[in-house]
Amino acid sequence: MPFVSWYLQQMNAYEQQNGRRILDYLDLHYYPQAGGVALSSEGGASTQALRLRSTRSLWDASYIDESWISDTAPGGEAVRLIPRMRDWVNSYYPGTKLAITEYNWGGLESINGALAQADALGIFGREGLDMATLWAPPSSIQPGPLPSAYTGIMTAQDMASAISAWSGKLRAKRACRLCSSAQLRQCADRSGN
């Protein structure tokens, strides 16, 4: 049994025995494991393309991770992190919220890193992640995925997916504050052109 499954099972058993929930969030840290991506500078064209592809490891069951992780199972391994987290919670401790409180796709000094960050934020919203925290946030002069005029804190409830017919080349996201009429739309060109 994977450690996370066992851990959730133990938290659930405690609640059943004592009538008190002691875990609100399943909280994992996640860094893409492909060389030159996480916590790295922009890199060359192949690294930049890999950085944009690797966000698929957060959700896509057909994406085989392009790192040592693919060696852990015959035919490769799909990380599908957020659905995997949800499966663990549903199986072992329903009602637990999901968090990734440390992540970084690197390239924060470049538009490539900003695109990866924008894609990650959109995926977090679409997949219903309850909380996320970027490790080593960009400085005020680095490009970012959202206009600097938007100063609110966005949660999964604020994000909504926007459908694109060109999903392999374009990611479209929409965020709106439920308590106001403010809306923010973003599109990220994933073609590398």
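Below are the figures for this structure:
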item: Residues being part of a loop (DSSP other than H, G, I, E, B) and either of a type outside the set (S, T, Y) or under 26 Å from I22 (Cα atoms) (or both) - total across the stretch 105-137; result: 11
item: Q48 vs. criteria at pLDDT 95 or above and over 28 Å from K97 (Cα atoms); result: yes
item: Lone unmet requirement of (1) assigned to a strand (DSSP E or B); (2) surrounded by 18 or more Cβ atoms within 10 Å (Cβ to Cβ); (3) not polar (S, T, N, Q) for E102; result: (2)
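The values are calculated or read from the model by the stated rules, or taken from the named source; none is laboratory data. Because the structure is predicted, anything quoted here is derived from the model rather than measured. Cβ sites come from the backbone with ideal geometry, for glycine too, and all protein chains shown count toward neighbours.
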